[in-house]
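FYI, it's all coordinate maths here, none of it is from the lab. Keep in mind the model is a prediction, meaning the values are calculated, not measured. Note: ideal-geometry Cβ built from the backbone for every residue, glycine included; neighbour counts use all protein chains shown.
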Amino acid sequence: MRGLKAYIWPAVEDGDHLRAAQLRIIGVTALTIVVFGGLAGALNFIANFERFALQAWLGLVTPLCVGGLPALARSRLSLRTTGLVTVGFLYLVLAGQAASMGGMAYPIVIYLPGLPILAAFLIGPRAGLGLGLLISATMGSLFVFRQWVPTPADWDINYYLLGWITVSLILLTLAASVVCAIFAHQMAAAGAALDEARRRSDAANDAKTAFLANISHEIRTPMNAMLGMAQALQQEDLDDGQRDKVETMTRSGDVLLRLVNEVLDMARIEAGRLEIVPQPFRLTDTVAMLEGLFAGQALEKGLDFSVRLSGESERVFIGDPVRIGQILANLTANAIKFTKQGHVQISLHADVPDETGQTRLTLSVEDSGIGIAAEDAATLFQPFAQAGSAEMRAYGGTGLGLAICRQLCELMDGDITLDSAPGEGSVFTAHIRVAIATGDAATATRPASGTDLSPLQPLRVLAADDNPTNRLVLRALLDSLVGTLCLVENGQEALDLLEAEHFDLVLLDSRMPVMDGIAAAQAIRKGEAETGKPPLPVYALTANVMPEQVAEYEAAGMTGVLAKPIARDALIATLLKHANDEPADRDTPPARFLAE
């Protein structure tokens, strides 16, 4: 029954209400003709099969054929083409049957006034008017020249009454033609206005996306310098006071970076481009991340901070650990921010897997903070919404974090709830679904802390970035870790150096003069294909990290993407991934004449 309803009354797709209305008109018309036309055709078949076999069969089959009209309208043919085929076929069959048997006395002519309606909505207002005039002329001709129309001798026809029926049908046809033509014209005008509005909306969204991408790039570039240098300073021998200052800089930079990421995520959500990237992960890694990020903050405020695992939490799962960590980080940051004393407790629970290999993760963050009133909780998960009390607004924030958490939970087949009361704390609980890892994926582990960095010493790294500050940050982060670091200003210089020297890994900024990173990566891959050389690891080191931009890097043949501001741990992990690919015969180390 649901299938029949969807066939006759299709849902609106891609916001195109006009097309949905046209398809629904077609569906209702087809259903009406199939039911009533099929019944009339069956009665006519029984009564006239022996004398007019062909007409009887056509009268029976034609209404049933109309049942395929909705499917035809949704095919690759346009609605206009569908209308021309359908209306032309129906006119020829109906008029031909009437002209070959009984003329206006043949009950099948009752369907002719409905054809201008189909023509108006499927082909256009003018087609509806034109077909209305043609059908009116056809019916008039069938009555006027009735003596040339074959008619069964046993039909008792009152031609006076038949004349009035003919006039009535002609008037009905003309009226239906005019009314439907006017309505179809208004629908077309409304559809054009809707298309224009949609075009402007899409253009505005594209402009907003471009603006956000540019703003992201412009913000991430100076942040790369600030956070990169702060991470480099953390490697130095600092006294306690200096280390506290550097850590304050790092935490403040992380807050600013999280704000930039939230704005970009909200833009992706509105554009329908926020994606989940499944991969093997362990909840123990998530616990380590949370403790590293928030244990110190909680300790500074004198809060009891704890993370608990229960259920099947020790398994390896298949899901998006980055997005799961983002949900927990948002909820935990809020809990610490709004809690002056007491505790913040994070609970992670995994249910027993079902028969499909899926399980539900429950992520709960409980605090003893100021709490949230019921009337404020109703809008808390809406974008830019914050709890209404002046006390809560005084804590600041954009109001994007919880809205993003809700969207992420929904993308992972889950939801998020809140249990809170003013002065009694809050409990945010997120439910998501993940798969259980099997085979090789189940062996996924987190690199241990205190990783041995000695394998990086033989590495030869080439980096291209037109920004002197970014090159300075790379030198501060990598110069003491890798054996050779060469820094150049654009992609062309990187290609020239690659022709003369051997490197183990290349880092390319996406935006550079002379030759950008994308063009340089394409040239590297083209050269490898021509010479048969093994692929060189080439990474985009960029502040442009919108999904469509990342897809462009992948299409250019890049191995991966490292986002600015540069995260030292992510950079080291990337280098370690390729540290074991060292060839046995090494040439003389490359000169550093291009390094700054």
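Below, the figures for the structure above:
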| quantity | calculated |
| --- | --- |
| Normalised convex hull volume, the stretch 149-222, alpha-carbon set, Å³ per residue | 135 |
| Among 303-313, 514-524, the order from most to least packed when residues are scored by Cβ within 10 Å on average | 514-524, 303-313 |
| Karplus (6.51, -1.76, 1.60) ³J(HN,Hα), θ = phi - 60°, over the stretch 165-179, in Hz, Gly and Pro reported as x | 5, 4, 4, 4, 5, 5, 4, 4, 5, 5, 5, 4, 4, 5, 4 |
| Calculated P(r) of the chain - Cα pairs past 30 Å, % | 68 |
| Value at 222 nm in deg cm²/dmol, rounded to 500, when DSSP H runs of n ≥ 4 in the chain each add -39,500 (n - 2.57) | -17500 deg cm²/dmol |
| For the stretch 2-201: relative contact order, % (alpha-carbon pairs under 8 angstrom, 6 or more apart) | 18 |
| Pair-distance profile P(r), taking every C-alpha pair of the stretch 2-201, with 10 angstrom steps and integer % | 9, 32, 34, 17, 7, 2, 0 |
| Hz values of 3J(HN,Hα) by residue in the stretch 231-246 - Karplus curve (6.51, -1.76, 1.60), Gly and Pro given as x | 5, 5, 5, 5, 7, 7, 8, 10, 7, 4, x, 5, 5, 4, 5, 5 |
| Mean-position separation - Cα centroids, the stretch 41-65 and the stretch 71-148, in angstrom | 18 |
| Built amide H within the under 5 Å cut-off of residue 464, gap 5+ | 488, 507, 508, 509 |
| The chain - percent relative contact order, Cα under 8 Å, separation 6 or more | 9 |
| Equivalent ellipsoid, the stretch 454-581 (semi-axes from 5 times Cα gyration tensor eigenvalues, Å) | 19, 18, 15 |
